[in-house]
1. Rounded to the nearest 0.05, what FRET efficiency do residue 334 and residue 113 have when you use their Cβ-Cβ distance and R0 = 41 Å?
2. Can you compute the modelled spin-label distance between residue 77 and residue 143, with each label point 7 Å from Cα toward Cβ, in nm?
3. For percent of Cα pairs over 28 Å apart, pick the label among [x] 48; [y] 67; [z] 62 that corresponds to the value derived from the coordinates.
4. Taking a threshold of 31 Å on the Cα-Cα distance, which of the pairs 35/125; 38/196; 89/295; 121/190; 196/434; 35/267 fall above it?
5. Rounded to the nearest 500 deg cm²/dmol, what is the calculated helix-only ellipticity per residue at 222 nm for the chain, with -39500 (n - 2.57) per DSSP H run of length n ≥ 4?
6. Between residue 389 and residue 38, what is the FRET efficiency for a Förster distance of 25 Å, r being their Cβ-Cβ separation, to the nearest 0.05?
7. Please give the length that would be gained between residue 9 and residue 85 if that part of the chain were fully extended, namely 0.36 nm times their separation in residues minus their C-alpha to C-alpha distance (nm, one decimal).
8. Give, in nm to one decimal, the length gained when the segment between residue 415 and residue 175 is fully stretched (0.36 nm per residue of separation minus the Cα-Cα distance).
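The values are calculated or read from the model by the stated rules, or taken from the named source; none is laboratory data. Please read all numbers here as calculations on a predicted model, not as lab measurements. Neighbour counts are summed over all protein chains in view; Cβ atoms, including those assigned to glycine, are modelled from backbone coordinates with ideal geometry. Quick note on the areas: whole protein, heavy atoms, side chains included, nothing else; ligands and nucleic acids left out. Shrake-Rupley method; radii C 1.70, N 1.55, O 1.52, S 1.80 Å.
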Amino acid sequence: MTKISIDFKDTVGKIKPMHGVGQPPFEGTDFSMLKYLKNAGIPYSRLHDVGGAYGGYRWVDVPNIFRDFDANPYEHSSYDFAFTDLLIKGLMENNCVPFFRLGVTIENAHRIKAYRVYPPKDFKKWAVICEHIIRHYTEGWGNGFNYDIKYWEIWNEPDNSPSKDYSCLWRGTPEEYFEFYEIASKHLKKRFPHLKIGGYGSCGFYNLTGSDGSFGMCSSHTEHFIKFMNGFFNHVKETGAPFDFFSWHTYDGDIKNNIFYANYARKCLDEAGFTETETSCNEWNCQVNLRGTAKHAAITSAVILAFQNAPLDNAMFYDARFGTSIYGSLFNPMTREPLPAYYAFTSFNRLYTLENQVKLEIDNDGIYAVAAANGEIGCIVIANPTDDNVSLDFDMNADITKSLITAEGSNDAEFDFGYEIPANSIVTLCVEIK
């Protein structure tokens with residue numbers, strides 16, 4: 001018997017935006033599936049790897065928007081915003097704010113030939129180009145928009161390799177990236193002091209747990225991730241480069257390892273003196289090989305709930321694309337319908353809309369739960385990623401008014417809650433507070 005004690009009148013903090021996603025679901029220029037992001041209350045969609053290999057040469061990436069690096073960055077005619085405008089507009093119309101990655105898409109075939117993953121030939125000019133991209137979407141420059149887009153991320157996974165010959169995202173040295181970040185962040189923060197400028201999409205911290213993530217990486221590869229981070233922190237500290245957020249990634253299949261990484265990232269930032277720098281796990285997926293199953297949904301929910309209680313400011317699941325990639329774990333590419341893991345996001349959103357996290361204690365470290373309240377209304381989300389049914393004993397100042405379950409054969413469906421959470425399931429309980 002697992003005991004859960006909840007005091008719905010004891011607020012312990014805010015429900016954080018842990019249910020963000022990576023690249024959004026669309027096909028060609030059909031953005032109708034973005035409604036699913038709105039329906040799940042997805043707060044952010046990180047724009048990396050958007051639209052296929054190299055961004056389809058149309059979407060988001062800096063070289064897709066500014067196609068001739070020798071052009072004049074101060075002239076609107078030098079920019080091609082056509083496709084990216086459609087995507088940004090579609091996201092904002094569905095209440096999903098872009099987390100805008102300024103950089104390039106991964107080049108998995110880089111060993112044959114790399115195209116866009118080399119360091120820009122003029123770091124300051126690249127920063128000026130990005131300044132005008134930001135102005136286009138936040139200040140209306142170049143027949144643009146006045147959207148409230150806060151997060152602007154400089155590149156992605158420049159630590160992807162210990163050598164430039166191997167890298168599929170940054171075919172330069174770590175020191176070149178450090179200088180690049182310094183120049184770009186200083187320019188952008190001076191121009192936009194109210195926006196959040198950061199980076200760098202760290203590959204993660206697998207070496208600390210002995211995990212290889214989902215990639216079968218060699219230990220020298222994962223060791224490099226830590227060395228790169230320490231070098232980056234030192235450079236930022238020595239040069240006074242702006243550093244509003246630190247983004248990092250994990251594809252570890254162990255739920256608890258992922259929470260360890262969240263704590264480690266916060267610890268490293270604090271010890272380096274970056275106590276005000278936010279921490280964002282803006283790429284993650286746990287046991288992606290289980291895509292499309294109820295178990296993957298339960299695992300996904302467990303990580304989101306655990307992230308809520310970790311020292312994280314936001315998180316983004318990789319990813320919500322509509323396509324055949326195994327990482328596109330929220331939608332069936334044949335039917336265009338949500339896969340079970342999608343309902344980990346709808347369930348968490350019920351907490352998010354209530355805003356206030358309340359005190360909850362649970363005596364089973366294999367079961368994950370978070371509760372929230374607003375006025376006389378409350379909600380509990382419980383994830384059981386184990387293969388066993390678990391009986392529950394509640395001690396709480398509320399009455400259950402509605403029960404929903406995502407499990408094998410059921411997706412966010414009402415059911416008769418008998419104080420037991422089935423194996424590999426997510427249970428959402430709506431309550432009226434006494």
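1. On the way: r = 33 Å, r/R0 = 0.80.
Efficiency for this residue pair is about 0.80.
2. About 1.3 nm, to one decimal.
3. Evaluating percent of Cα pairs over 28 Å apart on these atoms matches [x].
4. On the way: 35/125 37 Å; 38/196 24 Å; 89/295 34 Å; 121/190 22 Å; 196/434 41 Å; 35/267 37 Å.
The answer is 35/125; 89/295; 196/434; 35/267.
5. Working: 9 runs with 121 residues, N = 434.
Helices in the chain give a 222 nm mean residue ellipticity of -9000 deg cm²/dmol.
6. On the way: r = 34 Å, r/R0 = 1.36.
Here the calculated transfer efficiency is 0.15.
7. Taking residue 9 through residue 85 to full extension adds about 22.9 nm, to one decimal.
8. Numbers: separation 240, 0.36 × 240 = 86.40 nm, distance 5.65 nm.
Full extension of this stretch gives 80.8 nm more.
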